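Here's the structure, in structure tokens; my notes come after.
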Amino acid sequence: MTESNLTQEASTAAAAPQAGYYQRHIFFCLNERKNGEACCAQHDAQAAFDHCKSLVKAAGLAGPGQVRVNKAGCLDRCAAGPVAVVYPEAVWYSYVDTSDIDEIVESHLKNGQIVQRLLTPAHLGR
């Protein structure tokens, strides 16, 4: 390969948008407030995170180019807790139990379909 070709390739690569390392990230708020204020940890968010992580792995969705399940500190949506957010779509979910997590994994993480009934109301913050 000539120097000209290498320069052309590098220039093209720099101009082209880079694909993300993961297709989707889901972040679970696991924050625990010691002062008694509402928080996701009070709603067994750790169990939901663990359940989601095991489902994603069992479905073969985990890893580069696919899905990453992450823990997060406070996402500042306590009034809607427990919450999780899926990126790159920036879709916020409020969930109640593992069946809700099952639906998020199957519909959104696997098939790209937002679970409308679990969307966090836009006005709910801290």
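The values are calculated or read from the model by the stated rules, or taken from the named source; none is laboratory data. Keep in mind that what you see is a predicted model, and the values were worked out from it rather than measured. Every residue, glycine as well, gets a Cβ built from its backbone with ideal geometry; the counts of neighbours run over all protein chains shown.
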message = I'd like the full set of residues that are touching a helix residue (DSSP H, G or I) at 6+ places or on another chain (Cβ under 8 Å) and either under 23 Å from Leu109 (Cα atoms) or among the small types (Gly, Ala, Ser) (or both), limited to the range 32-64.
response = Ala38, Cys40, Ala47, Ala48, His51, Cys52, Leu55, Val56, Ala59, Leu61, Ala62
ask   = In the range 69-101, how many are among the acidic types (Asp, Glu) and in contact with a Cys (Cβ under 6 Å, 6 or more places away or on another chain)?
value = 0
message = Give me the residue from the range 66-90 that is over 15 Å from Ala48 (Cα atoms) and surrounded by fewer than 19 Cβ atoms within 10 Å (Cβ to Cβ) and, out of that set, farthest from the chain's Cα centre (by Cα).
response = Ala79
key: Those helices (runs of 4 or more DSSP H) lying entirely in the range 1-105 with at least 1 residues at pLDDT 90 or above and within 17 Å of Leu119 (Cα to Cα)   = 45-58, 98-103
